[in-house]
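The values are calculated or read from the model by the stated rules, or taken from the named source; none is laboratory data. No experiment lies behind these values; they were computed from the predicted model shown. Every residue, glycine among them, receives a Cβ derived from its backbone with ideal geometry; neighbour counts consider all protein chains shown.
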Amino acid sequence: MKLKKTYSFALWSSIYLTLSSVAAAALLYFFFFEDKEIIALVSFVILVFSLSFFITQYRAERFIYKRIKRIYDEVSILNADDFNRSSATTDIESLSKSVQDYVEGKRVEIQNLTERDSFRRDFLGNVSHELKTPLFTVQGYILTLIEGAVNDKMIRDKYLDRANKGVERLVSIVKDLDMIAKLENEGVKMNIEVFNILDVIQNVFDLFEMRAKKRNISLQFDKTHEFPIFVKGDIERIEQVLINLIVNSIKYGKTNGTTTIGIESYSENKFIIKVIDNGEGIKQEHLSRLFERFYRVDQSRSREQGGSGLGLSIVKHIIEAHNETILLKSTFGKGSEFSFTLEKAK
């Protein structure tokens, strides 16, 4: 049976004390008490050993208890009421594990707080920049009109049109921020229903047909579907997901390219919907951050193309609110594939 560590300490301490005491007693016996019976020596050995053992054990427990008790009092995760003197010699390992878990938890907490603080600074900086650009644009056009350009009908109409586009961009950013805030705070409840995903995709194709034609991009299914494909989800939110993904594919797809939608069985209970383009693709180092708010692979081109910079972040939030999965594969120079899962309707 494995001895407690302090018992082992007390045992060996007692043996050493006993041996030294016996040696001293033997000398006394042989030189001064030879006429005494041998039993006196044996009794003396047993007595010294017992006293040494219990005194050493008591001292060790008292020594350890006082120090562990102080640790329990000082470390917030440990409850001193749960600790008693009798457990002092067996509680060292559990104490060590508790302290290690506490330290690891604090390390992770500090790391998370550092990341959140960094994210907060980036987010505030991005929001400021995204709002500042259209605001200054609108302000510039209005000031020009106030200073006299309003009297020139051609300039007035052109500047008012540009100012209106700036306002539209501001409205778009505010709406997208509001949607993300609601999704993150669970303020928007999903209206789950059964619907035909093919109809939703075709509606989005029809909605952006003209925009795609301007860049000569073809919107198409990967194959002909003879029968409806019914899924479960919030039809309006899933339509928003498809709109964001298809608009992205048109923006960053190559001229004379294609945007293809594929629907496949992902598992027994899931379909996977794929949005595939043969555009410029995304470099590997950008993939892990692509769904972050305001993250842009190419700052200048992204702003030239317009949008709030929140589209993919909204996609991620909507899909996760459905308890589904969003996936991304991309090869730089060849194209990208965004896909997400949806529950099959039974």
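Annotations
- Taken over the range 242-274, the criterion of being in a strand (DSSP E or B) and closer than 19 Å to Phe195 by Cα is satisfied by Ile261, Gly262, Ile263, Glu264, Ser265, Lys270, Phe271, Ile272, Ile273, Lys274.
- So Thr89, is it among the polar types (S, T, N, Q), at pLDDT 80 or above and surrounded by 15 or more Cβ atoms within 10 Å (Cβ to Cβ): no
- Within this structure, Val188 passes the test of being modelled with pLDDT under 85, in contact with a Lys or Arg (Cβ under 6 Å, 6 or more places away or on another chain), under 19 Å from Ile318 (Cα atoms) and among the hydrophobic types (A, V, I, L, M, F, W, C).
- Glu147 being without any contact (Cβ under 8 Å) to a residue 24 or more places away in the chain, within 30 Å of Glu280 (Cβ to Cβ) and outside the structural domain of Lys316 (by TED's automatic domain parsing): no
- When the range 139-180 is filtered for residues that are at pLDDT below 80 and either farther than 25 Å from Arg293 by Cβ or assigned to a loop (DSSP other than H, G, I, E, B) (or both), the ones remaining, listed by number, are Ala149, Val150.
Residues are listed down the side, and each one gets a yes or a no for (1) of a type outside the set (Val, Ile, Thr); (2) more than 17 Å from Gly279 (Cβ to Cβ):
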site	(1), (2)
Asn203	yes, yes
Lys213	yes, no
Ser218	yes, no
Glu226	yes, yes
Val241	no, yes
Asn248	yes, no
Thr255	no, no
Ile261	no, no
Glu268	yes, yes
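Rundown of residues vs (1) buried (at least 17 other Cβ atoms within 10 Å of the Cβ); (2) assigned to a strand (DSSP E or B); (3) under 22 Å from the mean Cα position of the chain (by Cα); (4) at pLDDT below 85, yes/no style:
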position	(1), (2), (3), (4)
Gln240	yes, no, no, no
Ile314	yes, no, yes, no
Asn323	no, no, yes, no
Leu328	no, yes, yes, no
Ser336	yes, yes, no, no
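- Matching residues, the range 253-272, being within 31 Å of the chain's Cα centre (by Cα), surrounded by 11 or more Cβ atoms within 10 Å (Cβ to Cβ) and of a type in the set (D, E, K, R): Glu264, Lys270
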